[in-house]
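I have placed the structure first, in the form of structure tokens, so that the comments after it can refer back to it.
The values are calculated or read from the model by the stated rules, or taken from the named source; none is laboratory data. A quick note: this is a predicted structure, and the numbers were derived from the prediction, not measured. All Cβ positions, even for glycine, are placed from backbone atoms using ideal geometry, and neighbour counts span all protein chains on display. Ligands, DNA and RNA are stripped out before the accessible areas are found, and what is left, the full protein with its side chains, is counted by its heavy atoms. Shrake-Rupley method; radii C 1.70, N 1.55, O 1.52, S 1.80 Å.
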Amino acid sequence: MSNIPKIVILGAGYGGILTAQRLQKELNYNEADVTLVNRHDYHYITTHLHMPAAGTDSVENTRVPISKLIDEFKIDLVKSSVQEIRPHEKKVILEDGTLSYDFLVIALGGESETFGIPGMAEYAMTIRSINSVRLIRKHIEYQFALYKNERSPQERINFVVGGAGFSGIEFVAELADRIPVLCKEYDVDPNLVNVYNVEAAPTALPGFAPELVEYAMEVLRKKGVTFKIGVAIKECKPDGVVLATGEEIKAATVVWTGGIRGNHMIEAAGFETARGRVKVDEYLRAPGSDHIYVIGDNALIMNPEGRPYPPTAQIAMQQGVCCAHNIVTAIRGQQPKKFEFSNKGTVASLGKGEGIAVVGDKHIKGWRAAQLKKIVDMRYLFIIGGIPLVLKKGKFL
């Protein structure tokens, strides 16, 4: 019977794919068996999903076959959905089988957090996967077609986006860019279309300096976006939303971007969680475990001020690299390294030719920030797939 340790990685998002790539680089031949489990045979770039959702880019530009990113002689890819994690048995139950492990990496990605708002889970759409953004795009186009062909009520071409964080603002920006194109295609007066961005918090884009937030909002206002900041959505209905103020916005399209929580299977497995996220130790391990690592949207890590780091692609990538290193050191009986997040900067797209960014103590806006966003995106493509992937998927103009 083989004594080679078995490593199982659940999820091929930013954290999972970086863990797999770094393991195949650092492990020696026959030092461990590595299995990567993912429900699809592709890795998708979550930070790009707002573009195909609005219809400003092809969905194909947001995904990459996993076979192009890993060495299948070193990593065994299993295309399946995880049904259950059994830590005490060191097993993972898949829809079509069972995997045992010696080391487990939980990188399953997050789920939409609706905060218990009635109707939100039932009637709102979310930007969470390739299939979900396909649905949003087709739905938006269908509303324009219905409005024109059936002389439908105004709400057909009213759009509500709940949440003014990264996802909400970037999607609203792309939608505002797409609407003039749709109006021309379907012969709809652009003045009849309404886009509302509703945010319960007192400001949009938390984490950015006030002057950058105001710049972003002004750019989007000029594109036709109406902001309702500091106002919570009280209820989502089939024909729109009701705000905490009592105001009702009639809309055939509601897209919810207001929050992310960890995967429900983590709680079901018995881990102690906060909104589905595990407060990991300094080596990214689950509490009381030296062989289960939790990263990405599923991990809760505190910053030096004692507040949780937001679960971004940047932190997930760094966690993936550190996680792989610590598994290798555990196999070799060496000392692991503590995870320390290095913030490389933050960039938000505001649609074509516009953006805001913070790099160190520098605040950047407009065209320069938009170009920086492209550089950040191409850097990621280079990290996971080298120059060929940059040339195939990168946006240079």
Check: Taking the Cα-to-Cβ direction at Leu391 and at Lys138 and moving 7 Å from each Cα, how far apart do the two end points lie in nm?
Finding: 3.5 nm
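State in Å² the accessible area per residue of the stretch 76-123; use a 1.4 Å probe, count heavy atoms of protein chains only, and round to the nearest integer.
52 Å²
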Check: Normalised by the residues of the stretch 186-303, what does the relative contact order come to in percent, with Cα pairs under 8 Å and at least six apart?
Finding: 16 percent
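Tell me the relative contact order for the chain as a rounded percent, counting alpha carbon contacts under 8 Å between residues six or more apart.
Relative contact order, the chain: 18 percent.
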Item checked: About the Cα centre, charge dipole magnitude for the chain (Lys/Arg +1, Asp/Glu -1 at Cβ), debye -> 820 debye
Margin query: Between His88 and Asp71, what is the label-point separation in nm under the 7 Å Cα-to-beta-carbon projection?
Written below: 4.0 nm
Notebook entry, point to check: To the nearest Å, what is the center-to-center distance of the stretch 306-383 and the stretch 226-281, using C-alpha atoms only?
Noted result: 25 Å
Next item on the list: Report ³J(HN,Hα) in whole Hz for each residue of the stretch 71-83, in order, from the Karplus equation J = 6.51 cos²θ - 1.76 cosθ + 1.60 where θ = phi - 60°; Gly and Pro get x.
Entry: 8, 6, 7, 10, 10, 8, 8, 10, 8, 6, 9, 6, 9
Check: Which ³J(HN,Hα) values in Hz, rounded to whole numbers, follow from the phi angles of the stretch 248-261 under the Karplus curve 6.51 cos²θ - 1.76 cosθ + 1.60, where θ = phi - 60° and Gly and Pro get x?
Finding: 10, 10, 7, 7, 7, 10, 10, 10, 9, 10, x, x, 10, 10
Checklist line | For the stretch 275-290, Karplus couplings with θ = phi - 60° (6.51, -1.76, 1.60), whole Hz, Gly/Pro x | finding: 6, x, 10, 9, 6, 7, 7, 5, 9, 6, 9, 5, x, x, 10, 10
Item checked: Relative contact order for the stretch 276-397, counting Cα pairs under 8 Å that sit 6 or more residues apart, in percent -> 14 percent
Item checked: Å² per residue, accessible surface of the stretch 158-210 at 1.4 Å -> 38 Å²
Margin query: Please compute the per residue accessible area over the stretch 23-72 with all protein chains in place, 1.4 Å probe, rounded to a whole number of Å².
Written below: 43 Å²
Note to self: Looking only at the chain, where both bridge partners belong to it, what percent of the DSSP beta bridges are antiparallel (to the nearest 5)?
What the structure shows: 50 percent
